[in-house]
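The values are calculated or read from the model by the stated rules, or taken from the named source; none is laboratory data. As the structure is a prediction and not an experimental result, all values here were calculated from the model. Cβ placement follows ideal geometry from the backbone for every residue including glycine, while neighbour counts extend to all protein chains displayed. Only protein heavy atoms, including side chains, enter the accessible area calculation; ligands, DNA and RNA are left aside. Shrake-Rupley method; radii C 1.70, N 1.55, O 1.52, S 1.80 Å.
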Amino acid sequence: QVQLMESGGGLVQAGGSLRLSCAASGSIFRINTMTWYRLAPGKQRESVAVITSGGSRNYADSVKGRFTISRDNAKRTVYLQMNSLKPEDTAVYLCNQKIIITPYQPESDYWGQGTQVTVSA
């Protein structure tokens, strides 16, 4: 059974930094795209950063230049380094990994449990 485990959230002052991690466990053939989303109260879920299996990255305009997404395929882990944090970055951050369990199955979406990031002014 595949599971994603997130870590690294917390409370930080504006201007500070946090690093989120999301590790997959279980029987996995391959992991394709990895994405970090966030969900803030009263707002729709937002795609924050995406990294493909080939290493291509895309970011939401609101975090460009401040956040960096990376992945370690050997550890099945995606990271989100968040610098120069702002109060508007406050949200629950969720990771998504598109995972193929066997070569004979299409990829499926797997989600982490979410981790709270709170940035105080």
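Dipole check for the chain: with +1 at the C-beta of Lys and Arg, -1 at the C-beta of Asp and Glu, and the Cα centre as origin, the magnitude is about 180 Debye.
For THR90, the residues 5 or more places off, or on other chains, whose built amide H falls under 5 Å of its own are VAL119.
Could you tell me what percent of the accessible area of the chain is made up of carbon and sulfur, with a 1.4 Å probe and every protein chain present?
Values: 3120 of 6470 Å².
That fraction is 48 percent.
For LYS98, the aspartates and glutamates whose Cα falls under 19 Å of its own Cα, not counting residues fewer than eight places away in the same chain, are GLU6, GLU46, ASP72, GLU107, ASP109. Just in the stretch 59-121: which trypsin sites (Lys or Arg not before Pro) are loop by DSSP and have at most 15 other Cβ atoms within 10 Å? Within the stretch 59-121, the qualifying trypsin sites (Lys or Arg not before Pro) (loop, at most 15 other Cβ atoms within 10 Å) are LYS64, ARG66, LYS75. Taking label positions 7 Å along the Cα-Cβ direction at both THR52 and GLN116, the computed distance is 3.7 nm, reported to one decimal. With no solvent and one point per C-alpha, what does the Debye sum give as log10 I(q)/I(0) for the chain at q = 0.09, 0.11, 0.14, 0.22 Å⁻¹? Cα-only, vacuum Debye calculation for the chain: -0.23, -0.35, -0.55, -1.24. Give me the base-10 log of I(q)/I(0) for the stretch 23-91 at each q in 0.12, 0.15, 0.26 Å⁻¹, Debye formula, one uniform scatterer per Cα, rounded to two decimals. Results for the stretch 23-91 at q = 0.12, 0.15, 0.26 Å⁻¹ read -0.35, -0.53, -1.19. Surface analysis of the chain yields an accessible area of 53 Å² per residue, using protein heavy atoms and a 1.4 Å probe.
Using only Cα atoms, figure out Rg for the stretch 57-102 and give it as a multiple of 2.2 N^0.38 Å.
On the way: Rg = 12.7 Å, N = 46, 2.2 N^0.38 = 9.4 Å.
With N residues counted in the stretch 57-102, Rg over 2.2 N^0.38 Å equals 1.35.
Beta bridges assigned by DSSP with both partners in the chain are antiparallel in approximately 90 percent of cases.
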